[in-house]
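Engineer: First the structure, then my questions, so here it is.
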């Protein structure tokens, strides 16, 4: 499952207690975050694009082969915002599982001035969830195929944002 980093808070709450495995960094912040998300019923694979990323992707591959779903903030952990990194596409190729993009949007929210414009839903807000068509990646996909899939994922996430906002329209 793939989504933008700025929607991590509503996604964490919505998908809680489903055994989803997510990547958290190996640094001190990652340790703190792992403790929190594990309380919501998530598993963790430790690493990030800057440190331990391959190890985390291999752990996710093993977890998915044992039947666990994986969740990805495709533009995290540092951005640039709304530019998908290749990890989710690579994982789909390695496991044979499709990438399923989704987007959540709150009717009322605070927006942080962070790189990812993190959205924090206000109390009693409605949250629209739009789930996109799965993106299949062939096991023999080459670099050009992976890049095309990455761009498709970015495009679909943009369209899903519009759909999620439309769900909240009066």
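Engineer: From the list 162, 88, which one is assigned to a helix (DSSP H, G or I) and within 20 Å of residue 24 (Cβ to Cβ)?
Structural biologist: Step by step, each of 162, 88 is checked, and only 88 is assigned to a helix (DSSP H, G or I) and within 20 Å of residue 24 (Cβ to Cβ).
Engineer: Sort out which residues of region 1-21 are under 17 Å from residue 132 (Cα atoms), assigned to a loop (DSSP other than H, G, I, E, B) and touching a strand residue (DSSP E or B) at 6+ places or on another chain (Cβ under 6 Å), and write them in order of number.
Structural biologist: 1
Engineer: For a quick check of your reading of the model, give me the residue pairs whose first member lies in region 42-54 and is on the phi > 0 side of the Ramachandran plot and at pLDDT below 85, whose second is in a loop (DSSP other than H, G, I, E, B) and surrounded by 15 or more Cβ atoms within 10 Å (Cβ to Cβ), with beta-carbon atoms closer than 8 Å and at least 6 apart or on different chains.
Structural biologist: 47/25; 47/26; 52/25; 52/26
Engineer: Picking from 58, 153, which residue would you name as being without any contact (Cβ under 8 Å) to a residue 12 or more places away in the chain, in contact with a strand residue (DSSP E or B) (Cβ under 9 Å, 6 or more places away or on another chain), surrounded by 13 or more Cβ atoms within 10 Å (Cβ to Cβ) and not in a strand (DSSP E or B)?
Structural biologist: Selected residue: 58, the only one of 58, 153 that is without any contact (Cβ under 8 Å) to a residue 12 or more places away in the chain, in contact with a strand residue (DSSP E or B) (Cβ under 9 Å, 6 or more places away or on another chain), surrounded by 13 or more Cβ atoms within 10 Å (Cβ to Cβ) and not in a strand (DSSP E or B).
Engineer: For region 86-94, state whether one or more residues are touching a strand residue (DSSP E or B) at 6+ places or on another chain (Cβ under 9 Å), surrounded by fewer than 19 Cβ atoms within 10 Å (Cβ to Cβ) and at negative phi.
Structural biologist: Scanning region 86-94 turns up no residue that is touching a strand residue (DSSP E or B) at 6+ places or on another chain (Cβ under 9 Å), surrounded by fewer than 19 Cβ atoms within 10 Å (Cβ to Cβ) and at negative phi.
Engineer: Just the residues that are over 19 Å from residue 88 (Cβ atoms) and at pLDDT 95 or above, please, taken from region 14-37.
Structural biologist: 16, 17
Engineer: So, one more: Does region 3-33 hold any residues that are surrounded by 15 or more Cβ atoms within 10 Å (Cβ to Cβ), within 15 Å of the chain's Cα centre (by Cα) and farther than 21 Å from residue 110 by Cα, and which are they?
Structural biologist: 20, 21, 22, 23, 24, 25, listed by residue number.
The values are calculated or read from the model by the stated rules, or taken from the named source; none is laboratory data. If you're wondering where the values come from, they're calculated on a predicted model, not measured in any experiment. With ideal geometry, Cβ positions are generated from the backbone for all residues, glycine too; neighbour counts draw on all protein chains shown.
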